[in-house]
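Following: one structure in C-alpha cells, then a few remarks.
The values are calculated or read from the model by the stated rules, or taken from the named source; none is laboratory data. Predicted, not measured: the structure shown is a model, and the values here were computed from it. Calculation scope for accessible area: heavy atoms of the full protein, side chains included, ligands and nucleic acids excluded. Shrake-Rupley method; radii C 1.70, N 1.55, O 1.52, S 1.80 Å.
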Amino acid sequence: MTSASSSPRRGGGLLARVGQPLLLLAIMWVVRVLDDLLPGDANREFGLRSWALDGLDGVLFGPGLHVGWPHLLANSVPFLVLGILVALDGIGRFWAVTALIAVVGGLGTWIFNAPGVVTVGASGLVFGYFGYLLVRAFVAPSLGHGILYALIATAVAFVYGGSMLVGVFGAPAGVSWQAHLFGAVGGGLAAIATRPRRSVAA
C-alpha cells in the first residue's frame, strides 16, 4: 500500500503565496505610520518586555513593531526576499513557520534578555526564515527536493550568511542578538516540524 506524500507546494497559487509576506510587510508599514500619527508609544505598549508577564503579548505583536523608519526599512528587503522563498512552500506552511518562529524566538528572547528590556522588530522573523531555508534542505521529502533546497540554501547563505553571523555574534548595543539567535532556532525547528511526509510503500 502506498500513502501519498504531502506536497510541499500545496496551499494556494503562486500569486497567493507571494502575497502572504507582502501582506505581512504591508501591515508592518501601516503600523509604523499609525505609530507616528497616533499618541502613545506602541513599542512600549505592545513590544516584548523580558521577564514581565504582561510583556508576553509582544511574542505576537513585537515582530510587527519597529523603533523607526530606518529600522523598518532595514528589515523590509530581507524579510520580503526570505519570506517569499518560504511562502513558495505554501500559504499554510508560511503562516505555520512564521508562528513557530515568533513563539520560539519570542520566548527565547523573553527568557534570555535582561529583565525589562523591550524588543521589537521583524529581524527575528528574518533570521527565522533564514534558519528554515537552511534546515529545510536536510528534511526534504525526496532527493530531488533536497538538491533544489540545498541550492537555494547555498544561495541564501552566500547572500545573507555574513550579516546573519554578525547579527548573532557581533550585534551592536541596542540590537537583540537573542531575537536573532532564537528566531533562527525557531526557523530550524519549523523546518523539522512542517517537513512533508515521505511516501511509504508496503
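A few points about this structure:
- Rg in Å to one decimal, and Dmax rounded to a whole Å, for the chain via C-alpha atoms: 17.4, 64
- For Leu48, the amide hydrogen comes within under 5 Å of the amide hydrogens of Gly62, Thr119, counting only partners 5 or more places away or on other chains and with H modelled in the peptide plane.
- Semi-axes of the equivalent ellipsoid for the range 109-177, Cα gyration tensor, largest first, Å: 30, 13, 8
- Solvent exposure of the chain as accessible area per residue, Å², 1.4 Å probe: 51 Å²
- For the range 2-116, taking Cα atoms only, Rg and Dmax work out to 16.3, 60 Å respectively.
- Calculated mean residue ellipticity, 222 nm, the chain: -22000 deg cm²/dmol, from DSSP H runs (n ≥ 4) at -39500 (n - 2.57) each, averaged per residue and rounded to 500.
- Of all accessible heavy-atom area on the chain, the percent that carbon and sulfur account for (1.4 Å): 75 percent
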